[in-house]
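Each remark here refers to the structure printed beneath this line.
The values are calculated or read from the model by the stated rules, or taken from the named source; none is laboratory data. Quantities reported herein were computed from a predicted structural model and do not represent experimental measurements. Cβ coordinates were reconstructed from backbone atoms using ideal geometry, including for glycine residues, and neighbour counts include every protein chain displayed.
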Amino acid sequence: MLELNNVTKKYPGTKAPSLINVNLTLPRGEIVGLFGENGAGKTTLMKCIFGFLQYEGKITLDGERITRKNIEKLSFATCEHSFFPNLTAAGHRDFYKSNFKNFSDKRFQGLMDFFDLPMHKALRHFSTGQQNQFEVILSLCQGADYIIMDEPFAGNDVFNREDFYKVLLGILGPNETVLISTHLIEEVSAFINRAVLIKKGRIVGDITTDELEENGTSLIDYVKETYHYQADRVSKALNAITGEEQI
Amino acid sequence: MNRLVQLYRRFSPPGIAGSTDVVLLAAGIPVAAIFCYCSFSVKYDRALTDLNDNLLLKNNVMPPFRELFKGSMSGFGVLILLILVWIMIRYVFFYRESKSIYLMRRLPKRSELYKRILVIPAVLLGLSAITAIITVLLCRYYYIHLTPANQLPAHIEMIYGGIIHA
């Protein structure tokens with residue numbers, strides 16, 4: 001279980017903290033969507049989990065602080081990309097194999113074949129979509145129990161993303177947990193089983209898709225409701241700008 | 001050669017292009033040593049000529065070693081500076097075009113990042129230091145053995161001064 005207790009993060013020189021007393025528990029085997037507007041704190045939260053940023057509070061993995069001893073239980077796919085641009089896919093496989101003892105060669109080969117990615121080409125020569133795919137492939141093959149993805153599909157076309165969701169559902173083991181941050185709420189609603197909403201550094205919503213189903217609410221409506229989304233704000237703004245009544 | 005390339009890859013940021021940088025910096029070590037020796041021997045020869053031209057003057061002795069050696073180590077200074085800059089470049093490599101630093105920082109082996117940034121520069125720094133010491137000693141050896149004994153400066157200065165102040 002990945003547990004965040006009262007996690008607060010304040011960047012130097014900023015007035016408001018980026019994360020405020022965040023409490024979150026991720027049991028094994030869940031696919032959790034993390035949603036929030038730009039700057040809500042999604043990426044900061046993920047970086048705190050890995051210890052890339054200093055924070056107040058406590059983050060534990062299966063009851064223990066995250067250190068070098070257990071960090072390989074976590075993998076990370078980020079839209080900023082964490083691969084080596086000059087290294088080939090095969091080079092990455094070798095690097096991962098030598099550093100992560102649970103690296104799954106079979107899964108790696110299978111996903112590389114499925115997405116038809118070149119094995120002996122440097123990553124810098126991949127298209128952005130391919131780079132995203134490769135980033136996610138690495139995170140899925142590392143052999144981690146908790147796979148953290150930060151907007152992994154930014155730049156991929158809809159068919160590509162669709163394929164990925166299906167592949168994800170097909171290959172994930174019962175103990176593998178995914179925390180995925182994305183703006184593509186409607187797209188992922190079918191494949192996540194829990195949604196966590198973050199707003200201005202605070203967790204403002206946490207609901208399972210079963211609960212949503214019971215309530216007869218769609219994920220996007222739940223998000224809009226939790227965010228107090230004003231449907232008429234666009235027309236109001238346009239009225240103010242143009243001076244004309246917008247429909 | 002293949003083994004050297006493999007060794008270079010093991011101790012460098014993954015995917016770093018070529019090994020020209022290491023070769024150039026390694027070549028800098030003998031260059032710095034030659035510069036050091038030449039710079040010293042030019043000054044020494046000039047001083048020895050002056051000494052021979054003024055043999056009859058009273059208290060005519062060779063200038064202290066440290067005076068003749070002054071500036072001779074600047075080649076090593078530049079080389080060390082370049083190696084330090086090179087360490088920075090190797091670190092920045094993990095931020096270029098992607099954030100591979102995230103991967104390096106979540107590896108089970110903490111040493112992997114430092115190993116890939118520091119080992120080769122540290123070896124070069126070590127070799128530079130050893131070469132610099134050998135060069136100083138060589139210059140010192142020539143200074144003592146080529147200068148007529150009665151024209152060497154005071155004994156204490158001769159033994160310690162040069163090395164401490166060089």
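Considering every residue within region B:2-13, establish whether at least one is farther than 28 Å from B:I80 by Cβ and either out of contact with any Phe, Trp or Tyr (no Cβ under 9 Å at 6 or more places or on another chain) or among the β-branched types (V, I, T) (or both). Within region B:2-13 (the criterion being farther than 28 Å from B:I80 by Cβ and either out of contact with any Phe, Trp or Tyr (no Cβ under 9 Å at 6 or more places or on another chain) or among the β-branched types (V, I, T) (or both)), the answer is yes, since at least one residue qualifies. Against the criterion of being in a helix (DSSP H, G or I) and surrounded by fewer than 21 Cβ atoms within 10 Å (Cβ to Cβ), B:R116 does not qualify. Residues in region A:75-85 that are touching a Pro at 6+ places or on another chain (Cβ under 8 Å) and in a loop (DSSP other than H, G, I, E, B) were compared, and the one that is farthest from the other protein chains (Cβ to nearest Cβ) is A:C79. With respect to the conditions (1) within 8 Å of chain B (Cβ to nearest Cβ); (2) under 20 Å from the mean Cα position of the chain (by Cα), A:F100 lacks only one, and its number is (2). Of all residues assigned to region A:111-123, none qualifies as being in contact (Cβ under 8 Å) with a residue 60 or more places away in the chain, at the interface with chain B (Cβ under 10 Å from one of its Cβ atoms), touching a Phe, Trp or Tyr at 6+ places or on another chain (Cβ under 9 Å) and among the hydrophobic types (A, V, I, L, M, F, W, C).
Residues checked against (1) over 26 Å from A:F95 (Cβ atoms); (2) away from chain A (no Cβ under 14 Å); (3) modelled with pLDDT under 90:
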{"site": "B:I83", "(1), (2), (3)": "no, yes, no"}
{"site": "B:E112", "(1), (2), (3)": "no, no, no"}
{"site": "B:V119", "(1), (2), (3)": "no, yes, no"}
{"site": "B:A129", "(1), (2), (3)": "yes, yes, no"}
{"site": "B:A132", "(1), (2), (3)": "yes, yes, no"}
{"site": "B:R140", "(1), (2), (3)": "yes, yes, no"}
{"site": "B:Y143", "(1), (2), (3)": "yes, yes, no"}
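When B:R3, B:R66, B:R9 are checked against the criterion of being more than 14 Å from chain A (Cβ to nearest Cβ), under 24 Å from B:S111 (Cβ atoms) and over 15 Å from the mean Cα position of the chain (by Cα), B:R3 stands alone in meeting it.
Count of region A:193-234 residues, restricted to those that are at positive phi and without any contact (Cβ under 8 Å) to a residue 60 or more places away in the chain, is 2. Residue count for region A:169-196 under the criterion of being more than 20 Å from A:L212 (Cβ to Cβ) and in contact with a strand residue (DSSP E or B) (Cβ under 9 Å, 6 or more places away or on another chain): the result is 2. Candidates are the residues of region A:9-68 that are of a type in the set (K, R) and in contact with a helix residue (DSSP H, G or I) (Cβ under 9 Å, 6 or more places away or on another chain); the one that is surrounded by the fewest Cβ atoms within 10 Å (Cβ to Cβ) is A:K47.
Of all residues being basic (K, R) and more than 13 Å from chain B (Cβ to nearest Cβ) in region A:31-70, which is farthest from A:T209 (Cα to Cα)? Just the residue, please. Steps first, please.
Quick first cut of region A:31-70, residues basic (K, R) only: A:42, A:47, A:58, A:65, A:68-69.
Among the residues that remain, those that are also more than 13 Å from chain B (Cβ to nearest Cβ) are: A:42, A:58, A:65.
Values: A:K42: 20, A:K58: 27, A:R65: 30 Å.
Looking at residues that are basic (K, R) and more than 13 Å from chain B (Cβ to nearest Cβ), I get A:R65.
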